[in-house]
Amino acid sequence: MTNLRDRLKARIDAEGFISVADYMQACVQTYYATQQPFGVQGDFTTAPEISQIFGEIIGAWVAHAWLTSGMSQAAMVELGGGRGTLMKDALRATQTVSQFHERIQVVMVESSVALAKLQRETLAGAHPRVSSQTGIDPLPPCPCFFIANEFFDALPIEQTVQAEVRKIIWEHESFAFNAAQTGTIRERCPPAETLMQRLCAHLKTYGGALLAADYGHTKTRSGDTLQAVKNHRYIDIFACPGEADITAHVNFETLAAIATNQGLTVEVLTQGAFLQRHGAKLRLAALCKHADQAQQDQIVQGLERLMAPEQMGELFKVLLVVA
Ligand code: SAH
């Protein structure tokens with residue numbers, strides 16, 4: 001089988017160029033299917049991999065939303081669950097919520113076969129009803145509590161320059177943007193918008209809530225936000241297609257507007273504010289009580305990374321939608 005670089009080059013040879021969306025889609029799918037993305041040995045570290053408090057607070061948020069929504073049979077649906085760490089922490093934190101585990105099922109929506117397998121292994125024993133599916137269809141016909149951490153940023157964006165698709169061409173033995181296209185770059189993420197419509201329509205019909213956390217902005221702005229990360233460093237997005245994690249900033253204004261237009265209750269806040277408001281510091285104190293000094297240092301540093309404004313606290317936003 002030819003590698004991704006050759007396949008994309010062949011498309012450029014045939015069609016003259018490929019779009020940013022074509023490039024990103026191919027790179028992201030290959031990347032998650034073939035690489036070891038997470039952790040020290042991998043390319044990047046996500047919030048649930050940094051601190052267990054992240055998944056625990058999200059679990060508590062979901063359980064609270066479920067309690068106030070009438071405690072019916074429901075599903076906890078995670079989109080792009082990575083190694084399954086967030087869901088495992090969320091399930092552990094909600095074990096003592098009366099009736100919650102009995103009445104929910106867990107659905108992991110994951111396009112990577114390798115990560116879906118890892119998620120099943122992580123969650124074995126965490127809950128008796130865990131299922132996996134590669135896309136959101138079919139969604140269980142019941143209230144759903146959707147969770148998405150660093151998921152929307154992996155969906156392929158479109159870039160335009162002067163209302164024309166930004167073109168990726170092949171020159172000097174490498175991919176490159178067409179330098180003839182100059183002017184303000186604008187981004188949109190049609191798959192994120194379509195997915196959000198779908199999830200909100202489900203919330204409207206069946207009830208439930210949604211929590212999405214990601215690197216992004218709360219007001220639409222122009223500019224190029226594509227980035228590639230490998231071995232914990234930023235690299236050129238064209239350097240090694242399919243072997244680096246490519247993401248773009250999430251436009252929370254657009255996602256929030258979709259939910260608002262469906263008549264749902266919406267809030268966007270910084271990750272730091274979300275964790276602060278939902279008791280992360282109290283959870284920290286409780287964890288530290290039973291830890292030795294070295295463990296305490298690790299727990300404190302982990303939460304600091306998630307909450308400090310100069311780290312992930314301000315750059316990451318949390319979108320909360322309640323039916
Ligand atoms: N939520 C995890 C992983 C974030 S990485 C964490 O916080 O650690 C992005 C995840 O989304 C990966 O699991 C990746 O395989 C998955 N993913 C990317 N595009 C997807 C798509 N179109 N459909 C389903 N899953 C997708």
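Laboratory data are not the source of any read-out in this text; all were calculated from the coordinates shown. Treat the numbers as computed from the prediction; the structure is a model and nothing was measured. So basically every Cβ, Gly included, is an ideal-geometry build from the backbone, and we count neighbours across all protein chains shown.
Observations
- Estimated vicinal HN-Hα couplings, Hz - region 198-209 in sequence order (Karplus 6.51, -1.76, 1.60; Gly, Pro = x): 4, 5, 5, 4, 5, 4, 5, 6, 10, x, x, 7
- Sorting 103-111, 186-194 by their mean Cβ neighbour count within 10 Å, with the most densely packed peptide first, gives 103-111, 186-194.
- Packing, taken as the mean count of other beta carbons within 10 Å per residue, orders the peptides 125-132, 171-178 from highest to lowest as 125-132, 171-178.
- Total charge dipole magnitude, the chain, about the Cα centre, Cβ charges on Lys, Arg, Asp, Glu only, Debye to nearest 20: 760 debye
- Entries in Lys9/Lys117; Lys88/Lys317; Lys167/Lys317; Lys167/Lys230; Lys88/Lys281 that, when Cα-Cα distance is taken, lie over 27 Å: Lys9/Lys117; Lys167/Lys317
- In nm, spacing of pseudo-spin labels at Arg5 and Ala163 (7 Å Cα→C-beta vector): 3.8 nm
- Region 214-305: C-alpha gyration tensor shape, a/c 1.5 cut-off, then a/b vs b/c: oblate
- Sites Gln36 and Ala294 - FRET efficiency at Förster radius 22 Å, r taken between beta-carbons, to 0.05: 0.25
- Where trypsin sites (Lys or Arg not before Pro) fall in DSSP loop in region 191-262, at most 16 other Cβ within 10 Å: Lys219, Arg221
- Only helical runs count toward this figure. For the chain, summing -39,500 (n - 2.57) over DSSP H runs of n ≥ 4 and dividing by all residues gives -12000 deg cm²/dmol at 222 nm.
- The orientation-averaged projected area of the convex hull spanned by the Cα atoms of the chain comes to 17.5 nm².
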